[in-house]
Amino acid sequence: MNKHAESNSATSEYFLVCGLGSLGQQAVIALQQFGVPVLAIEQSHLGRYETPEFPDLLEQLIIGDCADELTLRQLDWSHCRAAILATAIDQVNIETALLIRQRNPKTRLVVRSSQENLNQLLCEQLGNLIAYDPLELPAYAYALAALGSETLGFFKLDTQWLQVVSQPIPPHHPWLSQQNLDALNKKTRRILAHRSPGKRWSSQFDRLETTDKLHPHDELIYVELVDGWSRHHQRPARSAGSSPATVPLTPLSPSKRRYQFRQQSGSILSASYWQQRYRQAGQWLGDRPVILLAAGVISCLFFLGTLLLYSSLTNISLPSAFYRTAVLLLGGYGDLLENLEQAKRNQWLLQPLSLLLTLAGTAAVGILYALLTENLLAKQFSLMPRRLNFPAENHVVIVGFGRVGQRVARLLREWRQGFVCITLTEEIPRLQQPGIPLIREELPACLTSAKLPHAKSIVVVTDDDLVNLEVALHTQKLNPAVDLIIRTNKTGLSNGLMGLLPQAQVLDIYRLAAAVFVGAAFGENIIHLFQLHQTTVLVTEYCIEAQDTLVGLLIGEVAYGYGVVPILYQQAQQSDSLYFPSDDIILRNGDRLVLLATIEGLKKIETQDRRPKTWRIIIESVRHEAAAFDGANLLSRMSGCSLQQARIAMAHPPQTVMTPLYYPQALRLVNSLKKLQITTHLVPID
């Protein structure tokens with residue numbers, strides 16, 4: 001981060017946007033919300049703008065190739081704070097980044113590129129550079145929208161998963177017993193928004209009144225810690241054809257595998273183990289009566305043949321008679337014919353029985369070969385890819401299997417949500433991962449094949465806006481109640497679709513990506529994003545530096561002053577992270593802070609536009625000296641005032657603490673002091 005207070009008002013420091021396609025124009029529009037000067041480079045004059053007032057948003061438009069040194073010489077690079085390289089060609093963006101870095105090693109570079117490995121190497125070599133695929137994070141927003149209205153966000157910070165949930169409050173819900181919304185905030189949960197029936201959602205996190213009472217039929221949005229993909233918010237599949245929505249399987253650790261092996265090995269010596277094996281063998285033979293009959297006949301003939309040879313041939317031992325019987329069973333009648341003719345006793349019975357042994361042995365060998373063939377074929381077929389069973393209901397239909405569609409499919413499979421993909425192209429694209437159910441048919445037959453009337457949602461993400469519109473209209477005919485998520489590439493079409501299909505979620509892919517690019521241009525690391533009632537929420541990571549506007553502030557002042565929600569704090573040079581940190585922690589150089597913020601919240605942090613503190617606390621009475629000592633420490637820690645001021649306020653009540661506070665801060669402080677038997681009350685600041 002490089003946010004100096006004096007740079008916010010300096011008109012000499014500008015932002016550069018290279019490439020004014022849909023992404024570039026959306027980036028310019030988003031930058032204008034910060035009130036910073038924006039310059040742009042484009043190869044030719046634009047014939048079409050995202051908004052009519054777009055030309056007025058630029059301080060200067062340079063016509064030329066951004067990867068050409070002659071074009072770059074027209075700019076004063078000493079005052080270029082950041083450059084967003086957003087052309088449609090990765091090579092041009094990377095070449096431009098190399099040229100800009102030669103001219104200014106401090107300019108922040110935000111590069112549009114889908115070359116993942118190369119992006120990592122460039123970040124390491126050039127420094128102060130971050131690269132995004134404009135289709136990657138927006139695909140995450142499409143996948144989340146497909147899960148339904150309950151799950152709004154699902155992301156991982158360090159080793160911990162977090163999810164953002166929209167929770168309706170039915171009558172008799174256990175949360176209705178809480179005194180206010182603040183009582184619902186726990187170590188693993190933080191309330192983000194609250195809406196009563198008939199009221200609109202607020203897009204600002206600082207509008208939440210934590211003292212409000214929760215009523216039946218209200219709706220809450222909160223973020224919470226979860227272990228993997230939470231069962232509570234999954235809808236189980238209801239038919240044999242649908243994919244189960246369960247918690248992802250966790251691999252066993254080596255120690256657990258060793259323990260499991262020892263446990264299984266020990267069971268081999270138990271009687272129950274062998275009883276189970278005996279029952280399994282009996283069931284296997286019961287399914288194959290021919291094998292059981294053949295084994296019985298061969299055993300009887302083996303016994304009779306051994307006894308007859310032993311009694312008929314002279315100078316022969318019992319083992320020798322046994323082996324000769326085995327030779328006869330294996331078809332060796334001709335090898336023993338001379339010995340059989342020299343028998344002195346039972347010759348009339350010995351030769352027919354020997355012939356019968358040979359024939360029975362031949363039949364037994366045939367059965368053995370058949371059994372081996374059956375097993376080999378079964379193994380071969382088990383290794384072959386199984387035919388994919390398409391979900392029958394409660395699944396997601398993905399229309400369009402380009403880069404966005406494939407990314408959405410991978411995310412849904414990772415989250416164990418059943419889905420079906422539809423491709424409308426002439427050639428089936430190469431699957432990046434096997435096992436994805438894919439339908440290749442024309443409209444509207446493909447929607448019927450995908451069982452759209454029984455689906456929970458449909459995500460339309462082809463590259464063609466007109467095809468997306470056609471699919472959306474067909475969807476309205478087949479299943480008007482399904483959750484419809486539509487990708488668009490133009491702002492005008494997005495606005496038109498929202499008017500035509502008010503129940504659908506219309507997500508402009510480049511508007512979503514532009515929020516990420518602009519947030520990164522100011523030095524922040526955008527980890528994830530999700531949609532909160534038509535508002536893009538960015539999961540943003542701040543690495544606090546000495547000159548940052550956040551240094552020295554309490555986390556509570558950051559949250560209530562800028563309208564953001566801190567969800568992770570990590571102290572400098574510490575490995576442990578604290579989720580949903582306390583409001584009383586002071587941010588210092590080297591600390592790490594991850595928060596949920598809209599683009600408006602990032603703008604406020606950038607421009608130091610904090611809401612004013614409008615409340616003070618009055619110390620009325622203190623019961624005893626011990627309470628005064630502990631209360632002074634508590635007052636100093638929670639309000640940010642000096643310890644000396646806090647001691648004076650506690651020593652001479654009634655006393656007004658002049659340090660202003662935000663209302664949630666002040667209310668929490670009053671309740672904490674009350675537990676120490678210190679009487680206080682709040683007064684507003686005129």
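Before moving on, here are some points about what is shown:
- Residue-normalised convex hull volume from the C-alpha trace of the range 554-663: 121 Å³ per residue.
- Sorted largest first, the principal axis extents computed over the alpha-carbon atoms of the range 603-686 equal 46, 22, 19 Å.
- The residues of the range 1-120 expose, per residue, 47 Å² of accessible area to a 1.4 Å probe.
- Residues Ser317, Ser177, Ser457 ordered from highest to lowest accessible area at a 1.4 Å probe: Ser177, Ser317, Ser457.
- Working ranking of peptides 532-539, 120-127, 404-411, 370-377 by packing, defined as the average number of other Cβ atoms within 10 Å per residue, highest first, is 404-411, 532-539, 120-127, 370-377.
- Alpha carbon centroid spacing (whole Å) that separates the range 39-101 from the range 440-509: 34
- Accessible surface for the range 480-605, divided over its residues, is 33 Å² per residue with a 1.4 Å probe.
- Listed peptides 359-367, 568-576 by packing density, highest first (mean Cβ within 10 Å): 359-367, 568-576
- Relative to the Cα centre, the charge distribution of the range 5-93, modelled as +1 at Lys and Arg Cβ and -1 at Asp and Glu Cβ, gives a dipole magnitude of about 80 debye.
- With all protein chains in place and a 1.4 Å probe, the accessible surface of the range 482-580 carries 46 percent carbon and sulfur.
- With DNA, RNA and ligands ignored, accessible area of His45 (1.4 Å probe; Å², nearest 10): 140
- Loop-resident sites, the range 598-633, for trypsin sites (Lys or Arg not before Pro), counting at most 16 other Cβ within 10 Å (DSSP): Arg623
- Rounded percent of accessible protein surface that carbon and sulfur make up, the range 41-165, 1.4 Å probe: 46
The values are calculated or read from the model by the stated rules, or taken from the named source; none is laboratory data. Not measured: the values here are computed from a predicted model. When we count neighbours, we look across all protein chains shown, and the Cβ atoms used for this are built from the backbone with ideal geometry, even at glycine. All accessible areas refer to the heavy atoms of the entire protein, side chains included, with ligands and DNA or RNA removed. Shrake-Rupley method; radii C 1.70, N 1.55, O 1.52, S 1.80 Å.
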